[in-house]
Amino acid sequence: MTEIAILGFGVVGGGIAEALTENRSVIEQKLGERVKLTRILDLRDFPDSPFGAMVTHQFTDILNDGGISVVAETMGGSHPAYEYTKALLEAGKHVVTSNKEVVANFGAELLQIAAAHGVRYLFEASVGGGVPIIRPMVNDLAPNEITAVDGILNGTTNYILTQMITRGVDFDTALREAQDMSFADALALAQANGFAEKDPTADVEGLDAARKIVILAGLAFGTLPDPAKIHCEGITEISATDVHAAAHFGYAVKLIAHAEKKGEQVLAMVSPRFVPFSSPLAHISDVFNGIMLHTDLTGDVMFYGRGAGKLPTASAVAADIFDIVAHRGEAVRAPAFRPASGADYADFAAYRCRSCFTFAGGESDAPALFAVFGKREFFAADGHISLIGEEMSEKEADAAARAVGLPFVSRIRLV
Ligand code: HSE
C-alpha cells in the first residue's frame, strides 16, 4: 500500500480524492496495490466531506509523516507551494502537481532537487489538464527532435473565442457570458469543473498559456524560458471585426501558444492567431485544448482533450501517482531542463510570420493598403478594412502598419 497526501483541497485536490475513491478498484487492479489517501492540508475545515477527518492545517503533519511517500500539490500559486514542494522532496517524498505556476517558475530547480534526493517530481496535470502531453514528450517521443510546439493551452479563453466565432458576439459579451456561466452555473464551471483561474486575468491576458508553453518548451528544447520574459498577448483586444475578417479569409481566431528552436535559442510566445480551417487546431472548441508537436521522425503529432476541469485534471495527477508507484525503485527517465539565461532567448523582433492588418476605413481606402502591401484581396465591413500581408518580421510589420496612414485597429498573426 502507498500512502499519499494532498496539499490544497480545492477543485483539483477534491477531484483527486474523488478519483482515488471512485476508481479504487480500477487503480488497484491495474497497479496491484492500494493507493490510500491519508492526509489533506488546507486552511479550511470540511466537516461535511467524507474526507473531512483527514484535514490538517499543519504542513509539518504531512512533512513529518513517515508513512506518506507521495504528495499531490494542488494548492495553486507560487507560494508557499514552492517552499512546501522543496521541503517534501528534500525529505525524500515524491511530489506530483497540477501547479503550472510552480513548474514554470521553479521546475528546473525542483527537478534537480528531486534527482539529488532519489525521488520524482512529476507534473502531467500542469499542461493540458487531462490531456496526456508531458509523459508522451518525455518518453514516447524521446527519439525525436521536437522542432516546434503550437497549442491551445487555455480552456477559458478558447471557450470565449468559440462563443465569439459561433455566435458573432464581441469579447465583452462573450466574457460576460463566460463569467455568467462560472457564476450562474457557478459551481458548474469554476468550482465543479474548475476552468477559470482564481484571477481570470491570468486566463484572458495569456499568462496561464505562457506558463504552460514555457513548460512544453523546456521539455522540447531543454531550456525553460521565464514566462515573464516571453511575448504574451491575451484576447482582450479581439473584436467581432477580427473574427469576421478571419472567417472571410478562411481562418479561426485562436489564442495560440507557440515555441520553436532557433539555432541554439528558444522562441516562445502567446498571442491570438488566425488558424487556417485546414488545421485541426482551428476546430478545437469550448474548453478543449489541443497541442500540435512538430517532430522530425514522427512528423506532426496532435494531442486533444479536456484542458481544464476537476476530474480530467485529477486523472492526470493520479496518473503521476500511478507512475511513481508502478516504477518504485526503478531508474526511470525524468523530465529535465535548465532555466533559460539571456543568451537563450531568440530575438522576438526578428520573428517572421504573416499577419492580418485591420484599419479604420472602407473599400475606397484599399489603394492606401495596396501601396504598402501590394494589390491583394481585402475585406471591408463595418467601417474597417482588413488585408493579409506577406511574411514579415515584427519590426517590419509594425513599420508597414504605420506606413498605411489610416487609423490602425489591429494586427493578428497567422499560424
Ligand atoms: N484556467 C485554466 C484554463 C485551467 O482555463 O485552461 C487549467 O489550467
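For the structure I just gave you, tell me whether ILE235 is within 16 Å of the ligand (Cβ to nearest atom), under 20 Å from GLY307 (Cα atoms) and at pLDDT 95 or above.
Taking the combined requirement at face value, the residue does not satisfy it.
With the checklist (1) open to solvent by 50 Å² or more (accessible area, probe 1.4 Å); (2) farther than 30 Å from THR223 by Cβ in hand, flag the one item LYS86 doesn't pass.
Exception for LYS86: condition (2).
Does GLU109 count as under 19 Å from ASP65 (Cα atoms), open to solvent by 10 Å² or more (accessible area, probe 1.4 Å) and more than 16 Å from the ligand (Cβ to nearest atom)?
No.
Going by what's in this entry, would LYS254 be described as in contact with a helix residue (DSSP H, G or I) (Cβ under 8 Å, 6 or more places away or on another chain), charged (D, E, K, R) and away from the ligand (no atom under 16 Å from the Cβ)?
It is false that LYS254 is in contact with a helix residue (DSSP H, G or I) (Cβ under 8 Å, 6 or more places away or on another chain), charged (D, E, K, R) and away from the ligand (no atom under 16 Å from the Cβ).
For the condition at pLDDT below 85 and open to solvent by less than 10 Å² (accessible area, probe 1.4 Å), what is the one hit in MET181, MET164?
After ruling out the rest, the residue left standing is MET164.
What's the total number of residues in the stretch 37-58 that are of a type in the set (A, V, I, L, M) and open to solvent by less than 40 Å² (accessible area, probe 1.4 Å)? Walk me through it before giving the result.
Kept after step one, since they are of a type in the set (A, V, I, L, M), are these residues of the stretch 37-58: 37, 40-41, 43, 53-55.
Now narrow it down to the ones that are open to solvent by less than 40 Å² (accessible area, probe 1.4 Å): 37, 40-41, 55.
Here the count works out to 4.
What are the pairs with Cβ atoms under 8 angstrom where one residue, in the stretch 385-413, is closer than 17 Å to TYR251 by Cβ and hydroxyl-bearing (Ser, Thr, Tyr) and the other, located anywhere, is open to solvent by 10 Å² or more (accessible area, probe 1.4 Å) and part of a strand (DSSP E or B)? Sequence gap at least six, or different chains.
From residues that are closer than 17 Å to TYR251 by Cβ and hydroxyl-bearing (Ser, Thr, Tyr), the pairs are SER386/PHE378; SER386/PHE379; SER386/ALA380.
When the residues of the stretch 262-287 are narrowed to those that are of a type outside the set (S, T, N, Q), modelled with pLDDT under 95 and within 16 Å of the ligand (Cβ to nearest atom), which ends up least open to solvent (accessible area, probe 1.4 Å)?
Looking at the filtered set, the residue picked out is VAL287.
Please note which helices (runs of 4 or more DSSP H) are completely contained in the stretch 57-128 and include at least 3 residues that are under 28 Å from the mean Cα position of the chain (by Cα).
81-90, 100-116
Considering the stretch 203-219 alone, what residues qualify as being more than 10 Å from the ligand (Cβ to nearest atom), of a type in the set (Gly, Ala, Ser) and part of a helix (DSSP H, G or I)?
Of everything in the stretch 203-219, those that are more than 10 Å from the ligand (Cβ to nearest atom), of a type in the set (Gly, Ala, Ser) and part of a helix (DSSP H, G or I) turn out to be ALA210, ALA217, GLY218.
Give me the pairs: first residue in the stretch 307-318 and at positive phi and modelled with pLDDT under 95, second residue open to solvent by 10 Å² or more (accessible area, probe 1.4 Å) and more than 12 Å from the ligand (Cβ to nearest atom), beta-carbon distance under 9 Å, and six or more apart or on different chains, which are they?
So the pair list comes out as GLY309/ALA192.
Mind listing whichever residues of the stretch 282-321 are out of contact with any helix residue (DSSP H, G or I) (no Cβ under 7 Å at 6 or more places or on another chain) and over 12 Å from GLY128 (Cβ atoms)?
The answer is ALA282, HIS283, HIS294, THR295, ASP296, LEU297, THR298, GLY299, ASP300, VAL301, ILE321.
Which of the strands (runs of 3 or more DSSP E) found entirely inside the stretch 354-415 contain at least 2 residues meeting this: under 22 Å from SER271 (Cα atoms) and open to solvent by less than 30 Å² (accessible area, probe 1.4 Å)?
355-360, 384-388, 408-414
Looking only at residues that are in contact with a Phe, Trp or Tyr (Cβ under 6 Å, 6 or more places away or on another chain) and among the aliphatic types (A, V, I, L, M) in the stretch 279-312, which one is farthest from LEU414 (Cα to Cα)?
ALA308
I'm trying to understand the selection: among the residues of the stretch 31-49, which are in contact (Cβ under 8 Å) with a residue 24 or more places away in the chain and over 31 Å from the mean Cα position of the chain (by Cα)?
GLU33, ARG34
The values are calculated or read from the model by the stated rules, or taken from the named source; none is laboratory data. Worth saying up front: this structure is predicted, and the values here are computed from it rather than measured. For neighbour counting, all protein chains shown are included, and Cβ atoms are generated from backbone atoms with ideal geometry for every residue, glycine included. With ligands, DNA and RNA removed, areas are computed over all heavy atoms of the protein, side chains included. Shrake-Rupley method; radii C 1.70, N 1.55, O 1.52, S 1.80 Å.
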